[in-house]
1. Please work out if Arg27 is farther than 19 Å from Lys124 by Cα, at pLDDT 70 or above and within 18 Å of the chain's Cα centre (by Cα).
2. Is it true that Thr153 is without any contact (Cβ under 8 Å) to a residue 40 or more places away in the chain and polar (S, T, N, Q)?
3. Among the residues of the range 129-138, how many are surrounded by fewer than 14 Cβ atoms within 10 Å (Cβ to Cβ) and farther than 11 Å from Val108 by Cβ?
4. Does any residue in the range 119-131 that is of a type in the set (A, V, I, L, M) come within less than 6 Å, Cβ to Cβ, of a residue that is part of a loop (DSSP other than H, G, I, E, B) six or more places away or on a different chain, and which pairs are these?
5. Within the bounds of the range 129-141, is there any residue that is at pLDDT below 90 and either touching a Ser or Thr at 6+ places or on another chain (Cβ under 6 Å) or closer than 25 Å to Val41 by Cβ (or both)?
6. Does the range 105-113 contain at least one residue that is within 30 Å of Ala30 (Cα to Cα) and at pLDDT below 70?
Amino acid sequence: MKKTIALLAIIGTLAGCSTTSPDVIQRGDAQRLSQVQDATVLSVRPVTVDGSQSGAGAATGAIVGGVAGSTVGGNKTGAVVGVLGAVAGAVVGNTVERFSTKEEAVEVLIQMRNGDRRAIVQAKGNETLLAGDPVILVTTGGKTRVIKAPVVTPSAVPAQPKS
């Protein structure tokens with residue numbers, strides 16, 4: 001029984017590792033050319049990204065509940081309690097998965113240089129974005145993240161060769 005509870009805890013922890021943080025780059029996005037666009041933050045508001053329900057939590061909970069329930073009583077009682085345990089375990093496992101993958105995020109409303117407005121939801125990162133901040137949108141593989149625009153000083157810009 002202790003092993004199955006430990007297994008549930010590990011699965012819940014691994015499910016919580018998925019993130020939409022602008023500070024975390026997926027392995028498949030490394031060394032890929034990204035599109036970069038300039039924009040300005042209009043507003044930022046906190047939001048919550050609902051947790052996932054892949055079915056892994058429910059399946060794991062059903063197995064754990066079914067095994068735990070089937071050990072109660074004799075053959076007939078164990079079978080009935082095992083089925084009830086599987087149903088209860090599936091509900092609990094689904095709930096654990098959903099709450100362990102829920103993520104606090106921000107919705108950033110931005111204005112592009114051409115006047116278009118866009119909204120992007122991403123996990124809270126290390127940077128605090130405020131209205132009026134110059135930002136860049138980095139798009140890789142169909143996913144976009146908003147980060148503060150780097151400050152460019154004249155000495156940091158390489159000299160252009162004269163023609």
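1. yes
2. Here the answer is yes, as Thr153 does meet what is asked.
3. 2
4. Here the result reads Ala123/Thr19; Ala123/Thr20; Ala123/Ser21, each pair linking the range 119-131 to a residue that is part of a loop (DSSP other than H, G, I, E, B).
5. Yes - at least one qualifying residue is present in the range 129-141.
6. The answer is no, given that none of the residues of the range 105-113 is within 30 Å of Ala30 (Cα to Cα) and at pLDDT below 70.
The values are calculated or read from the model by the stated rules, or taken from the named source; none is laboratory data. Because the structure is predicted, anything quoted here is derived from the model rather than measured. Glycine gets a Cβ as well: all are built from the backbone with ideal geometry, and neighbour counts include every protein chain shown.
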